[in-house]
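To keep things clear, I will list the structure first and then write my remarks on it.
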Amino acid sequence: MMKEEGLGALYKGATPVFIRAFPANAACFYGFEFATKLLNRLFPN
């Protein structure tokens, strides 16, 4: 593959993956922060 298409062929699909990963990871971090704050309010230490 590298001989025929070059080094760029290994990263051909990387852009859509990174674009999709950013909002998914942001939602995961937001959900964790939201759940942590909610649980701290419901069950204070």
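Brief remarks follow.
- Residue tally, condition part of a helix (DSSP H, G or I) and either more than 18 Å from the chain's Cα centre (by Cα) or in contact (Cβ under 8 Å) with a residue 12 or more places away in the chain (or both), over the range 12-25: 0
Table: residues versus (1) in contact with a Lys or Arg (Cβ under 7 Å, 6 or more places away or on another chain); (2) without any contact (Cβ under 8 Å) to a residue 12 or more places away in the chain; (3) surrounded by 10 or more Cβ atoms within 10 Å (Cβ to Cβ); (4) of a type in the set (A, V, I, L, M).
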{"site": "M1", "(1), (2), (3), (4)": "no, yes, no, yes"}
{"site": "E5", "(1), (2), (3), (4)": "no, yes, yes, no"}
{"site": "L10", "(1), (2), (3), (4)": "no, yes, yes, yes"}
{"site": "A27", "(1), (2), (3), (4)": "no, yes, yes, yes"}
{"site": "F34", "(1), (2), (3), (4)": "no, yes, yes, no"}
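- Residues that are modelled with pLDDT of 95 or more and of a type outside the set (S, T, Y), drawn from the range 31-45: G31, F32, E33, F34, A35, K37, L38, L39, N40, R41, L42, F43
The values are calculated or read from the model by the stated rules, or taken from the named source; none is laboratory data. Only a predicted model underlies this, so the values are computations on that prediction, with no experimental measurement involved. No Cβ is skipped: glycine too gets one built from the backbone with ideal geometry, and neighbour counts run over all protein chains shown.
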